[in-house]
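Colleague: Have a look at this one.
The values are calculated or read from the model by the stated rules, or taken from the named source; none is laboratory data. Values in this document were obtained by computation on a predicted structure and should not be read as measured data. For neighbour counting, all protein chains shown are included, and Cβ atoms are generated from backbone atoms with ideal geometry for every residue, glycine included. Calculation scope for accessible area: heavy atoms of the full protein, side chains included, ligands and nucleic acids excluded. Shrake-Rupley method; radii C 1.70, N 1.55, O 1.52, S 1.80 Å.
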Amino acid sequence: IKFGSPELFSEIIFIDNSIEENKTNLFNPQESIDLLRENGYNAKLINGDDLTKSFQVIKNTPWRDQQLLKLLISKEVHSDNYLLLDAKNLFIRSLSVSDFIKKEKLVTFEFSCPPALRKWLEASCEYIGTEVPKNWVCMPTATPYMVKKSIANEILDSPDFVKKFYGNTNLTEFFIYYAFLKNKNKIDEIYTYEKQFYATFFTTYPDTPDA
C-alpha cells in the first residue's frame, strides 16, 4: 500500500498455501485483503488447495505445491503478465511500471547458477529438450519474478506435465520456465536484461508478532 498504487496492479491475488498445523496468528491473509480493498486495490484470496483441486492436481509436499502454484496461478490472472511474490518479499521504496516492464519487455537479470543448483537446471533443460546454458548463466530462481502468462499456460498444457513435475524432484518451476523460454527462443523477445533489482537476506522465521 505504501509503495504501490491501485493503478500499478490490475489485481492482487493472495494464495494461502499454509499447512493447517503450522498456521499461527502472526499473519492473517484475509486482513491483508481487506486492507488492500479499503485502499482501492482489486484484491482477492485463493486457497491453494482449491486451486490445485480445480486443475485436478494431487497434492504433493508444501514445497512442491508452492512451486507448482506459481505456474497454476497463470490460469487465474487476467493480465498478459504477472508478478510473482512470496510472503518474504518486502518493498522498501516506491514502485513504478518501469521496475518490472521496460520498452514493452519484462525485466529480468542474468543469474550465475551456483554448483549447488546445477543439477536442477540440468534436469529442467533435459526435460524440456534444450541445452544447458553456456557458463551456467540463466534467469533468476527467486521472487520477485515477472512471468508471461501465455508461456506458463503452455507449460501447464504440455502432456502430463504435473505428473512428471511431481515425479522428478530435480525439476523446479523457475528452471522449467527458463528452459521452456530458451527452447522456444523467446527470452530476448519477451525479456530485457537489467541490473538485479532486489536483495535477498536469509534469517529465521519470527516467533512473535513484534519480531
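Colleague: Given only helices, namely DSSP H runs of n ≥ 4 each adding -39500 (n - 2.57), what is the per-residue ellipticity at 222 nm of the chain, to the nearest 500 deg cm²/dmol?
Modeller: Taken over the chain, the calculation gives -9500 deg cm²/dmol.
Colleague: Tell me the label-point distance for the pair Arg37, Glu122, using the 7 Å Cα-to-Cβ offset, in nm and rounded to one decimal.
Modeller: Once both label points are built, they end up 5.0 nm from each other.
Colleague: Still on this structure, please answer the following. Output the peptides 144-153, 174-183, 34-43 sorted from most to least packed, where packing is the average of other Cβ atoms within 10 Å over each peptide's residues.
Modeller: Working: 144-153: 18.0, 174-183: 22.4, 34-43: 14.4.
Top of the packing list down: 174-183, 144-153, 34-43.
Colleague: For the range 94-135, what value does the Rg/Rh ratio take when both radii are computed over Cα atoms and Rh is the Kirkwood radius, given to two decimals?
Modeller: The Rg/Rh ratio comes out at 1.15.
Colleague: Given a Förster distance of 22 angstrom, what is the FRET efficiency for Glu104 paired with Gln66, based on the Cβ-Cβ distance and rounded to 0.05?
Modeller: Taking R0 as 22 Å, the efficiency between Glu104 and Gln66 is 0.15.
Colleague: Have a look at Leu68, Leu106, Leu45 and tell me which one the Gaussian network model of the chain (Cα, springs below 10 Å) gives the largest fluctuation.
Modeller: Checking each option, the largest mean-square fluctuation is seen for Leu45.
Colleague: Something else now. On the protein heavy atoms, probe 1.4 angstrom, tell me the percent of accessible surface of the chain carried by carbon and sulfur.
Modeller: Details: 6510 of 13000 Å².
For the chain, the apolar C and S fraction of the accessible surface comes to 50 percent.
Colleague: For the chain, what size does the Cα cloud have along each of its three principal axes, sorted from largest down, in whole Å?
Modeller: Projected onto the principal axes, the Cα atoms of the chain cover 47, 40, 34 Å.
Colleague: Among the listed pairs Lys88/Lys148; Lys2/Lys70; Lys2/Lys186; Lys134/Lys186; Lys88/Lys184, which have their C-alpha atoms separated by more than 28 angstrom in this model?
Modeller: Numbers: Lys88/Lys148 22 Å; Lys2/Lys70 25 Å; Lys2/Lys186 35 Å; Lys134/Lys186 17 Å; Lys88/Lys184 32 Å.
Pairs exceeding 28 Å: Lys2/Lys186; Lys88/Lys184.
Colleague: For the residue pair Ser150 and Lys53, what label-to-label distance in nm results when each label sits 7 Å from Cα along the Cα-to-beta-carbon direction?
Modeller: With each label placed 7 Å out from Cα toward Cβ, I get 3.4 nm.
Colleague: Shifting gears a bit: Probe of 1.4 angstrom, ligands and nucleic acids ignored: what's the accessible area per residue over the chain, in square angstrom? Intermediate values should be presented prior to the final figure.
Modeller: Details: 13000 Å² over 211 residues.
That works out to 62 Å² for each residue.
Colleague: Any chance you could run the full-extension gain for Lys186 through Lys44? It's 0.36 nm times the residue separation minus the Cα-Cα distance, nm to one decimal.
Modeller: 48.0 nm
Colleague: So what is the diffusion coefficient of the range 135-186 in µm² per second by Stokes-Einstein at 20 °C and 1.002 mPa s, using a Kirkwood Rh over Cα pairs?
Modeller: Roughly 180 µm²/s, to the nearest whole number.
Colleague: Rounded to whole Å and sorted largest first, list the principal axis extents of the Cα atoms in the range 48-120.
Modeller: Ordered largest first, the range 48-120 gives principal extents of 39, 37, 24 Å.
Colleague: Given the alpha-carbon gyration tensor of the range 106-177, what are the semi-axes of its equivalent ellipsoid in whole angstrom, ordered largest first, with each equal to the square root of 5 times an eigenvalue?
Modeller: For the range 106-177, the semi-axes come out at 19, 16, 10 Å.
Colleague: Under a GNM of the chain (C-alpha, springs under 10 Å), which listed residue has the highest mean-square fluctuation: Leu171, Leu72, Leu117?
Modeller: Highest fluctuation among the options: Leu117.
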